[in-house]
1. Taking residue 251 as the residue in question, decide whether it is modelled with pLDDT of 95 or more and assigned to a loop (DSSP other than H, G, I, E, B).
2. Looking at residue 4 and the list (1) surrounded by fewer than 14 Cβ atoms within 10 Å (Cβ to Cβ); (2) within 29 Å of residue 269 (Cβ to Cβ); (3) touching a helix residue (DSSP H, G or I) at 6+ places or on another chain (Cβ under 9 Å), which single condition is not satisfied?
3. Considering (1) touching a residue at least 40 places away in the same chain (Cβ under 8 Å); (2) in a loop (DSSP other than H, G, I, E, B), say which one residue 124 fails and leave the rest.
4. All but one of (1) over 30 Å from residue 156 (Cβ atoms); (2) in the same structural domain as residue 308 (by TED's automatic domain parsing) hold for residue 21, so report the exception by its number.
5. Taking residue 341 as meeting all but one of (1) assigned by TED's automatic domain parsing to the domain that holds residue 122; (2) crowded, with 16+ Cβ neighbours inside 10 Å; (3) modelled with pLDDT under 95, write down the number of the exception.
6. For residue 71, are the conditions met, namely being surrounded by 16 or more Cβ atoms within 10 Å (Cβ to Cβ), modelled with pLDDT of 95 or more and assigned to a loop (DSSP other than H, G, I, E, B)?
7. Residues to consider are 239, 263, 222, 294; find the one that is more than 16 Å from the chain's Cα centre (by Cα), more than 30 Å from residue 51 (Cβ to Cβ) and in contact (Cβ under 8 Å) with a residue 24 or more places away in the chain.
8. If residue 192 satisfies every condition in (1) touching a helix residue (DSSP H, G or I) at 6+ places or on another chain (Cβ under 8 Å); (2) part of a loop (DSSP other than H, G, I, E, B); (3) without any contact (Cβ under 8 Å) to a residue 60 or more places away in the chain; (4) under 26 Å from residue 101 (Cα atoms) but one, which is the exception?
């Protein structure tokens, strides 16, 4: 029995679970999770009843034979595992930010958009503050559907905030907020990451933040553009990476890329970001996770899609790899592990 099946069994030993909750209780990628669930049904270890997955007597016996015990809830009830709490000025910032994001344009699947919840966005900024990467810093964001630039601006701490965003709706929305709030240090420009970084932005920033696509060519492209923007040693970068659409093999390739670029990974916060994906709409669309499931799936009952938050720090001037075969179409967004991304 492999790691993913053990994680599923110990979660079910604590009680029946929805399919979506089980995704959060394991750390395999979705392609693997889908196959493991099918295999466990085939072996008679689990059954499906009234919208929930249950262990069968055979599954209970297998759990005991593997030396497993019911999963205990151990995530910090205060910070929800994010390592920071939104207290002090960050409590006020969250309230203001929540009002602003209600006016944001809806997510677009064509740009692989899926918004994280407001707490996750403001918590990103709190981590940047805690690690010394916010105050009096020049900050670059490539892609900002989560509106992290606005949360940063609400702190009043950054020296300069520059956003490069492909979606014209978000460019207009961020620019409007900057004008209405009088944020002269926040600028936003329409930009496709497949284009070279504008020369005037090279070597101009202390910190970058991205939530990139999770194909290897896509991540290589995002990290290369961001690395080129940094000033050098001591500069920092933040990005999200799931285990749901990135296997450990992909993680290994990404981490080798990071190290080769003269970065070290200083922090990885597990399941830091929670995404507010559409629920009924997700079931009705042609996502591989729905297509390849064990059967018809119920509408998600929780925000099931999460990602981990990485912090990088440059130990020397970043070494930018040559960019070969820049993806021209959907291959920027989609690969065989992209089960929650439209082909």
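1. So residue 251 fails the test.
2. (1)
3. Here residue 124 meets the rest and fails (2).
4. Unmet condition: (2).
5. Condition (1) is where residue 341 drops out.
6. Judged against the criteria, residue 71 is a match.
7. Details: 239 fails: more than 16 Å from the chain's Cα centre (by Cα); 222 fails: more than 16 Å from the chain's Cα centre (by Cα); 294 fails: more than 30 Å from residue 51 (Cβ to Cβ).
263 is the lone residue from the list that is more than 16 Å from the chain's Cα centre (by Cα), more than 30 Å from residue 51 (Cβ to Cβ) and in contact (Cβ under 8 Å) with a residue 24 or more places away in the chain.
8. (1)
The values are calculated or read from the model by the stated rules, or taken from the named source; none is laboratory data. Since this is a predicted model, take the numbers as computed values, not measurements. Backbone-built Cβ (ideal geometry, glycine too); neighbour counts: all protein chains shown.
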